[in-house]
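Since the structure comes first, as structure tokens, the remarks are kept for the end.
Every number here is computed from the coordinates shown, using simple stated rules; none is lab data. For clarity, every value in this text was computed on a predicted model and none was experimentally measured. Note that we place each Cβ from the backbone using ideal geometry, even for glycine, and neighbour counts take in every protein chain shown.
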Amino acid sequence: MASINGHTGIGSKSGTGHYSMAKSAVISMTQTAALEYIPEQIRINVVCPTAVETDMLKAVFASNPELKILCRSLDQNFSF
């Protein structure tokens, strides 16, 4: 089983508290489930991706440069 989550579940920025709390809850739930299902040998993980540089995302940023600035301010790993 895998949970897909946002990177804001790991760290937060000012103004994103409600969103970060919800994302953190998904991580905690997944960790708890992983521990509870060890006896059954069921692996449970959470994946927290960040933005991926694609042609589509480049086009979005080209038409909306403010969005790219916002993404950089929210994600310290955002590199493009």
Scope region 41-59; condition in contact with a Ser or Thr (Cβ under 8 Å, 6 or more places away or on another chain) and of a type in the set (Val, Ile, Thr); matching residues:
44, 46, 47
Here the residues within region 1-52 that are more than 18 Å from residue 73 (Cβ to Cβ) and polar (S, T, N, Q) are 3, 5, 24, 28, 30, 31, 32, 41, 45
Subset of region 4-31 [closer than 11 Å to residue 46 by Cα, over 11 Å from the mean Cα position of the chain (by Cα) and surrounded by fewer than 15 Cβ atoms within 10 Å (Cβ to Cβ)]:
28, 29, 31
Are any residues in region 57-74 without any contact (Cβ under 8 Å) to a residue 40 or more places away in the chain and in contact with a Lys or Arg (Cβ under 7 Å, 6 or more places away or on another chain), and if so, which ones?
61
